[in-house]
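The block underneath contains the structure these notes are about, expressed in structure tokens.
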Amino acid sequence: MQKALTAIIFTVSLAGLLGGCASSRVVGSEVNSFARWSPAPPAPGSSYRFERLPSQQQADLPQARLEGLAQAALAKVGLQHNPQTASLSVQVSASSQPMLRSRWDGGYYPYASPNIFIGGGSGGGGASVGVGFGFGFPLGGMDTPLYRREVSIVMRELRGNVAVYETRAVSEEPWLDTDPVLSAMLDAALRGFPVPPAGPRRVNVEVKP
């Protein structure tokens, strides 16, 4: 009886999370950005190409999909993906970690499984930017998990190989559908481009169904 009740509670909680994905919601991110343009920020329509770290060199699906999400976000701030005429290079990476909240002390703890890295790195060879269900936590002692996600964008001016823009967004949300959340986080990370506000800030982005 107890097992059946636990299964019902789990199913209802999961259905609630998935149901929330079908309606408009807000993804909140903690964003910190740094700019060092010289002599001036890039003009609208400036072109860029993607650069991959050594750990990102394999043309695997996760990195390609992540760059596709980043390309859409960069287009919104006036940058065009055109490797042949690029004046900027862009490195983009992301990671995701399930965090379980204890019902006993209210604290959040990393999920017991290895980290899920998206966009390369030693832990991300088989990770996917798509939906990932990581359920395996002890029911009864833990509430529905949050997902701690982080995205990072670094831009370099190709002419001098100088880093000119760096931005990072961190979000802790219960949403399971990773692609829309990462898209919102990339939009948040680029908020204020090319001259962002100084210091950490909270940026909310609405995700529509």
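The values are calculated or read from the model by the stated rules, or taken from the named source; none is laboratory data. Just so it is clear, the model here is predicted, and its values are computed rather than measured. Don't worry about glycine lacking a Cβ; one is built from the backbone with ideal geometry, like all the others, and counts go over all protein chains shown. Just the protein is used for accessible areas: all its heavy atoms, side chains included, with ligands, DNA and RNA removed. Shrake-Rupley method; radii C 1.70, N 1.55, O 1.52, S 1.80 Å.
Within segment 189-200, is even one residue at pLDDT 95 or above, in a helix (DSSP H, G or I) and surrounded by 15 or more Cβ atoms within 10 Å (Cβ to Cβ)?
yes
For segment 77-100, how many residues are of a type in the set (V, I, T), open to solvent by 20 Å² or more (accessible area, probe 1.4 Å) and farther than 11 Å from R49 by Cβ? Even if it seems obvious, please write down each step before you answer.
Looking only at segment 77-100, we keep the residues that are of a type in the set (V, I, T), and these are 77, 85, 90, 92.
Checking the rest, the ones that are also open to solvent by 20 Å² or more (accessible area, probe 1.4 Å) come to 77, 85.
Then drop every residue that is not farther than 11 Å from R49 by Cβ, which leaves 77.
Here the count works out to 1.
What number of residues in segment 47-84 are assigned to a helix (DSSP H, G or I), at pLDDT 95 or above and small (G, A, S)?
5
Does G141 fit the bill of being modelled with pLDDT under 90 and either on the phi > 0 side of the Ramachandran plot or in contact with a Ser or Thr (Cβ under 6 Å, 6 or more places away or on another chain) (or both)?
Numbers: modelled with pLDDT under 90: yes; either on the phi > 0 side of the Ramachandran plot or in contact with a Ser or Thr (Cβ under 6 Å, 6 or more places away or on another chain) (or both): no.
It is false that G141 is modelled with pLDDT under 90 and either on the phi > 0 side of the Ramachandran plot or in contact with a Ser or Thr (Cβ under 6 Å, 6 or more places away or on another chain) (or both).
From the residues in segment 144-161 that are modelled with pLDDT under 95 and either in a loop (DSSP other than H, G, I, E, B) or not charged (D, E, K, R) (or both), which one is most open to solvent (accessible area, probe 1.4 Å)?
Among those residues, the one meeting the criterion is R159.
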